Amino acid sequence: MDWIPPVSTLAGAVVGVGSALIAERIRWRREKEKETALTRRGVYCEFLMALSQSHSDMRAVVLGGAGSSPEARYGQLHQALDGSGIWRVRQSLSLTAPAEIIQLAVSTCDALTGVRDVLIETPDVRSERYLRSRADLWHVNAGLRESMRRDLGMDGLPDPEVGRYRYPAPP
């Protein structure tokens, strides 16, 4: 007659193997979440830097453009926005970010193109129109940054720029 292991031995083996599999699954999920957060953080940083760069470049076009023709300024302002890589990174966001952040990024890009359009029509960074459009941009950008921070699980005080704008938020 063949030897049959006791039921307790088999049960112990099943529990041991099952526990190891569950622990491995939990570890894998934790690593996957960490990798996803790192990817998102990189894309978020890249988007915010492209946004800042395009705004700075548009200001530089206007501040250094004395004597530029309206057609030349139009092209330079478009290039300042397009050359920052904002549209490429915006597409990366659509693959990595949750829907709320994608919508806020779209709103921020809309506000940034609004700044560009104001500077095309009124190339003066001291004009009332520019200051209002810049305040609108800063407002939506601050909301985007705070949502990104929450998505990444960052705690602490909110961005110090939130709520410190020259003009009230648009209705």
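The values are calculated or read from the model by the stated rules, or taken from the named source; none is laboratory data. Predicted, not measured: the structure shown is a model, and the values here were computed from it. Cβ sites come from the backbone with ideal geometry, for glycine too, and all protein chains shown count toward neighbours. Side chains are part of the model used for accessible areas, which takes the heavy atoms of the whole protein and leaves out ligands, DNA and RNA. Shrake-Rupley method; radii C 1.70, N 1.55, O 1.52, S 1.80 Å.
Which residue is surrounded by the most Cβ atoms within 10 Å (Cβ to Cβ), if the candidates are limited to segment 90-126 and must be more than 12 Å from the chain's Cα centre (by Cα) and part of a loop (DSSP other than H, G, I, E, B)?
My answer is Pro123.
List every residue pair whose Cβ atoms lie under 9 Å apart, where the two residues are 6 or more positions apart in sequence or sit on different chains, the first residue falls within segment 11-25 and is at pLDDT below 75, and the second residue, located anywhere, is not in a helix (DSSP H, G or I).
These pairs meet every condition: Ala13/Pro5.
Out of Leu81, Leu77, report the one residue that is surrounded by 12 or more Cβ atoms within 10 Å (Cβ to Cβ), assigned to a helix (DSSP H, G or I) and within 21 Å of the chain's Cα centre (by Cα).
Every option except Leu81 fails the conditions.
Under 9 Å between Cβ atoms, which residue pairs at least 6 apart in sequence (or on different chains) link something in segment 52-72 that is in contact (Cβ under 8 Å) with a residue 40 or more places away in the chain and open to solvent by less than 40 Å² (accessible area, probe 1.4 Å) with a partner that is aromatic (Phe, Trp, Tyr) and assigned to a helix (DSSP H, G or I)?
That search, which allows pairs on different chains as well, returns Val62/Tyr130.
As an exercise: evaluate Val140 against (1) assigned to a helix (DSSP H, G or I); (2) farther than 17 Å from Cys45 by Cα and give the number of the one condition it does not meet.
The one condition Val140 does not meet is (2).
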